[in-house]
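The values are calculated or read from the model by the stated rules, or taken from the named source; none is laboratory data. Keep in mind the model is a prediction, meaning the values are calculated, not measured. Please note: Cβ atoms are built from the backbone with ideal geometry, for glycine as well, and neighbour counts cover all protein chains shown. Calculation scope for accessible area: heavy atoms of the full protein, side chains included, ligands and nucleic acids excluded. Shrake-Rupley method; radii C 1.70, N 1.55, O 1.52, S 1.80 Å.
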Amino acid sequence: MGFLLLSLFLLFSLETNAKQEEHYYLNATNSTDAKKISSGCNIFKGKWVFDSSYPLYDFSSCPFIDNEFNCQKYNRPDKSYLKYRWQPFSCNLPRFNGLVFLEKYRGKNIMFVGDSLSLNMWESLACMIHSSVPNAKTAVIRKNGISEIAFLDYGVRLLMYRTPYLVDMVKENIGTVLKLDSITDGNAWKGMDVLIFNSWHWWTHTGNSQPWDYIQEGNKVVKDMNRMVAFYKGMTTWAGWVNKNIDPTKTSVFFQGISPVHYQGKHWNEPSKSCKEETQPFFGTKYPAGTPQEAIVVNKVMSRIKKSKAYLLDITTLSQYRKDAHPGFYSEMHGSDCSHWCLPGLPDTWNLLLYTSLVV
């Protein structure tokens with residue numbers, strides 16, 4: 001952890017306000033861990049165990065899986081990655097019950113806000129619920145940039161709002177500008193009963209995959225800046241939006257946490273491999289690559305949000321162990337996708353942890 005914090009300091013010292021950021025990051029902690037279940041158990045610390053009753057649904061019975069996540073449809077030959085259950089060290093998680101979830105959130109709106117990792121989790125939750133009530137009437141609606149899966153018999157709406165950076169990105173005369181201190185999309189997020197936010201993967205994009213031309217903060221416009229610094233600034237703006245706009249008696253807010261990638265085998269001490277060759281989780285007690293710097297940023301930003309206004313769904317470490325759970329070649333893309341996750345698969349566990357936090 002000390003090495004990571006020092007690395008963050010070195011990155012942030014590139015900015016003109018290096019002294020302030022040095023103090024800030026050397027004092028960063030994981031004080032805002034996550035919402036715990038009633039027993040006080042930390043549901044994010046545990047291990048993966050084989051469970052023959054998994055997966056929680058069959059890919060062929062769920063109508064909501066995009067082809068980029070549908071590994072079994074694209075003939076992934078191994079099946080063991082489907083059979084792992086997350087086991088916390090000091091408690092047992094409840095079995096997911098879609099009917100209980102629908103009854104608790106009858107007439108409610110649940111929105112995922114973020115990038116394709118939010119899409120991954122949104123589709124997973126819809127499949128998990130659908131497997132419990134396969135005959136329930138559903139509708140898929142896409143309107144004004146928002147996708148919705150509605151369980152009509154219960155009035156439950158699962159919504160997906162695509163915005164990779166959470167902060168604004170607008171077209172201006174000079175080009176497309178990423179505005180680190182501005183959120184106008186937030187009006188669409190208000191009035192939800194549950195919000196699950198996510199951001200990180202697009203902050204690293206460069207070249208042709210980078211959708212913006214300039215970065216702006218206040219009146220200062222730059223061509224580029226250190227991406228960890230930019231992420232911190234954007235996330236701080238998001239935290240300010242939560243503090244200003246969220247009433248925790250009406251809306252439960254979660255940040256999805258950092259979903260890791262598995263493109264470099266050296267991260268789990270196998271230098272010649274990437275996820276496309278992996279069929280088993282990492283079973284060690286400590287992931288060799290350690291905590292990602294972006295996860296440290298998230299932890300610190302979360303600590304700035306007022307108590308009970310938002311919780312971290314701390315999926316990073318448990319997901320680092322799942323080097324086996326990516327599509328790899330087995331999706332519509334036919335590439336080497338070590339970023340997203342197969343469905344059924346790991347995002348089902350993210351949703352089980354969400355369910356535990358919301359329902360138990």
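Dipole of the chain (Lys/Arg Cβ +1, Asp/Glu Cβ -1, origin at the Cα centre): which of Val229, Phe255, Phe64 lies farthest to the positive side?
Phe255
Would you please report the Å³ per residue occupied by the convex hull of the alpha carbon atoms in region 169-244?
For region 169-244, the hull spanned by Cα atoms encloses 108 Å³ per residue.
Which entries of Lys190/Lys223; Lys233/Lys300; Lys104/Lys244; Lys179/Lys220; Lys179/Lys233; Lys47/Lys286 show an alpha-carbon separation above 21 angstrom in the structure shown?
Among Lys190/Lys223; Lys233/Lys300; Lys104/Lys244; Lys179/Lys220; Lys179/Lys233; Lys47/Lys286, the Cα-Cα distance tops 21 Å for Lys190/Lys223; Lys104/Lys244.
Between (1) 30.2, 96; (2) 19.9, 60; (3) 31.2, 114, which matches Rg and Dmax of the Cα atoms in Å calculated for the structure shown?
Answer label, from the structure shown: (2).
Name the long-range amide H neighbours of Phe254: under 5 Å, sequence gap of 5 or more, or other chain; modelled H, no Pro or chain starts.
Leu195, Ile196, Phe197, Tyr311
Using a 1.4 Å probe on the protein heavy atoms, what percent of the accessible area of the chain belongs to carbon and sulfur? Mind dumping the intermediate values first?
Details: 7810 of 15690 Å².
Carbon and sulfur: 50 percent of the exposed surface of the chain.
Per residue, how much accessible area does region 40-176 have with a 1.4 Å probe, in Å²? Provide the component values of the computation, followed by the final result.
On the way: 6080 Å² over 137 residues.
On a per-residue basis, region 40-176 sits at 44 Å².
Run the dipole for the chain about the Cα centre, Lys and Arg Cβ at +1, Asp and Glu Cβ at -1, nothing else charged, and hand back the magnitude in debye, nearest 20.
For the chain, the charge dipole is close to 820 debye.
Give the ranking of His201, His326, His267 by solvent-accessible surface, highest area first, calculated with a 1.4 Å probe.
If we order His201, His326, His267 from most to least accessible, we get His267, His201, His326.
Counting only heavy atoms of protein chains, what accessible area per residue, in Å², does region 247-319 have with a probe of 1.4 Å?
Spelled out: the 1.4 Å probe surface of region 247-319, per residue, equals 46 Å².
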